[in-house]
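Single-structure report; data block below.
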Amino acid sequence: QVHLVESGGGPVQPGGSLRLSCAASGSIFSVSAMGWHRQGPGKQRELVATITRGGRINYADSVKGRFTISRDNGENTVYLQMNSLKPEDTAVYYCHGDNSLGAVVDGRSAYWGQGTQVTVSS
């Protein structure tokens, strides 16, 4: 079993920055890819970014050049650095992981965190 806990969300002004963290514990050897999806009010859940143990990264077009996904040295924490935030970035952000990159990209991972709220407004 893998347990994921997100943190770092909160209110921020347009143009501001936040860094989200996702701490993994348990049988993390079974997770070869992790990522972030988000769900805004009244919207479907959508891909934000993914990263594999081998360092392969994918971003949604809507966040390229503004968001950066990364891992710490121990590879048990994944981060999402969010810069130049826009009101349309307002959503609950979910960390998730699986032993299949395809599952993570498609938002059907075996393991999910509880989500953290990001609200971008003036």
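The values are calculated or read from the model by the stated rules, or taken from the named source; none is laboratory data. Note that the coordinates shown come from a computational prediction; the quantities given were computed from them, not determined experimentally. Because the Cβ atoms are built from the backbone with ideal geometry, glycine has one as well, and the counts that use them run over all protein chains shown. Just so you know, the surface numbers come from the protein's heavy atoms only, side chains and all, with ligands and any DNA or RNA stripped out. Shrake-Rupley method; radii C 1.70, N 1.55, O 1.52, S 1.80 Å.
Before moving on, here are some points about what is shown:
- A simple rule links phi to the HN-Hα coupling: the Karplus curve 6.51 cos²θ - 1.76 cosθ + 1.60 with θ = phi - 60°, which for region 91-103 gives 5, 8, 9, 10, 8, 8, x, 7, 8, 10, 4, x, 5 Hz, with x for Gly and Pro.
- Nonpolar atom fraction for the chain, defined as the carbon and sulfur part of the 1.4 Å probe accessible area, stands at 46 percent.
- Alpha carbon centroid spacing (whole Å) that separates region 30-47 from region 71-120: 6 Å
- Only helical runs count toward this figure. For the chain, summing -39,500 (n - 2.57) over DSSP H runs of n ≥ 4 and dividing by all residues gives -1000 deg cm²/dmol at 222 nm.
- For the chain, share of DSSP beta bridges that run antiparallel, in % to the nearest 5: 95 percent
- Over region 11-75, the alpha carbon radius of gyration divided by the compact-protein estimate 2.2 N^0.38 Å works out to 1.25.
- For Gly16, nonlocal amide neighbours, meaning residues 5 or more places apart or on other chains whose placed amide H falls under 5 Å from its own, are Leu85.
- Longest site-free stretch - the chain; sites: trypsin sites (Lys or Arg not before Pro), DSSP loop, at most 13 other Cβ within 10 Å: 65-107
- Taking amide hydrogens as placed 1.01 Å from N in the peptide plane, the amide H of Ser32 sits under 5 Å from those of Asp98, Asn99, Ser100, each at least 5 positions away in sequence or on another chain.
- Fully extended contour minus Cα-Cα distance, from Thr68 to Ser17, at 0.36 nm per residue: 17.2 nm
- Projected label points at Gln117 and Asn83, each 7 Å from Cα along the beta carbon direction, are separated by 2.8 nanometres.
- Value of relative contact order over the chain, rounded to a whole percent, pairs C-alpha under 8 Å and six or more apart: 37 percent
- Derived scalar couplings between HN and Hα for region 53-65 equal 4, x, x, 6, 10, 10, 10, 5, 4, 5, 10, 4, x Hz in order, rounded to whole Hz, by the Karplus curve 6.51 cos²θ - 1.76 cosθ + 1.60 (θ = phi - 60°), x for Gly and Pro.
- Label point of Arg56 set 7 angstrom out along Cα-Cβ; within region 80-122, amide nitrogens under 18 Å from it belong to 96-110.
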